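Participant: Structure below; questions to follow.
The values are calculated or read from the model by the stated rules, or taken from the named source; none is laboratory data. This is a predicted model, so every value here is computed, not measured. For neighbour counting, all protein chains shown are included, and Cβ atoms are generated from backbone atoms with ideal geometry for every residue, glycine included. Areas reflect the complete protein model, heavy atoms only, side chains present, ligands, DNA and RNA absent. Shrake-Rupley method; radii C 1.70, N 1.55, O 1.52, S 1.80 Å.
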Amino acid sequence: MQMQILTHNHWLNNYVLNKEFSLLAGISSNAYRYWKGVEAAKFDDARVVFLRKESILPRYKTLIKECTDLTGMVQSQAFCKYTGLAPSHLIEHNNSCIYKALEIIDVCDVKFVNLKKFYDDLNLSYNYHIYIEKCKYFGPSPFEKKIQLSNGICVGYY
């Protein structure tokens, strides 16, 4: 078994959530640790494990189609670390304008944000690094590139 540490902006296109997969398969969530050749991954400082679709044992391959498609997604904790956003903005009843601008899904009590869609909605190239901050903290326009999400919140990119 190989465990890879993912960067905070790494999309989960080729992965399935281990928790969901093990529930569908009716096996222990730790079973992957004993499989030969399986490739597992997790985000830095996170406990949630993902399994690379291609490395899952052949007898379980049919279950991959039943798992939630994580294309373009990152774990919400990774999204917050990547953008500098407080996790409280990803809770619906907090009425954050950022919550409305994001596609957020919940799978087996693990929250995901569609980072690819966020980039697409802002018409930004995927190689830009982004951060979310109050607009008043940004420098003048020629020095800092920003996109205004609401009256007080902007997305900076470089």
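Participant: Which one of these does GLY156 not meet: (1) loosely packed, with under 11 Cβ neighbours inside 10 Å; (2) in a strand (DSSP E or B); (3) small (Gly, Ala, Ser)?
Facilitator: In the conditions (1) loosely packed, with under 11 Cβ neighbours inside 10 Å; (2) in a strand (DSSP E or B); (3) small (Gly, Ala, Ser), GLY156 misses (1) alone.
Participant: Still on this structure: Considering every residue within the range 4-17, establish whether at least one is open to solvent by 50 Å² or more (accessible area, probe 1.4 Å), part of a strand (DSSP E or B), among the aliphatic types (A, V, I, L, M) and out of contact with any His (no Cβ under 8 Å at 6 or more places or on another chain).
Facilitator: Checking the range 4-17: at least one residue is open to solvent by 50 Å² or more (accessible area, probe 1.4 Å), part of a strand (DSSP E or B), among the aliphatic types (A, V, I, L, M) and out of contact with any His (no Cβ under 8 Å at 6 or more places or on another chain).
Residues checked against (1) open to solvent by 20 Å² or more (accessible area, probe 1.4 Å); (2) in the same structural domain as PHE21 (by the TED database); (3) among the aliphatic types (A, V, I, L, M):
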{"site": "ALA78", "(1), (2), (3)": "no, no, yes"}
{"site": "LEU85", "(1), (2), (3)": "no, no, yes"}
{"site": "LEU90", "(1), (2), (3)": "no, no, yes"}
{"site": "CYS97", "(1), (2), (3)": "yes, no, no"}
{"site": "ALA101", "(1), (2), (3)": "yes, no, yes"}
{"site": "ILE105", "(1), (2), (3)": "yes, no, yes"}
{"site": "ASP109", "(1), (2), (3)": "yes, no, no"}
{"site": "ASP121", "(1), (2), (3)": "yes, no, no"}
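Residue-by-condition table, conditions (1) closer than 17 Å to VAL113 by Cα; (2) in contact with an Asp or Glu (Cβ under 8 Å, 6 or more places away or on another chain); (3) without any contact (Cβ under 8 Å) to a residue 12 or more places away in the chain:
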residue: HIS10; (1), (2), (3): yes, no, no
residue: VAL16; (1), (2), (3): yes, no, no
residue: PHE21; (1), (2), (3): no, no, no
residue: PRO58; (1), (2), (3): no, no, yes
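Participant: OK, next. Are there any pairs, at least 6 apart or on different chains, whose C-beta atoms fall under 8 Å, with the first in the range 130-142 and within 19 Å of SER88 (Cβ to Cβ) and the second hydrophobic (A, V, I, L, M, F, W, C) and open to solvent by 100 Å² or more (accessible area, probe 1.4 Å), and if so, which?
Facilitator: none
Participant: Given the conditions (1) more than 27 Å from LEU17 (Cβ to Cβ); (2) surrounded by 15 or more Cβ atoms within 10 Å (Cβ to Cβ), and given that LYS136 satisfies all but one, which numbered condition is not satisfied?
Facilitator: (2)
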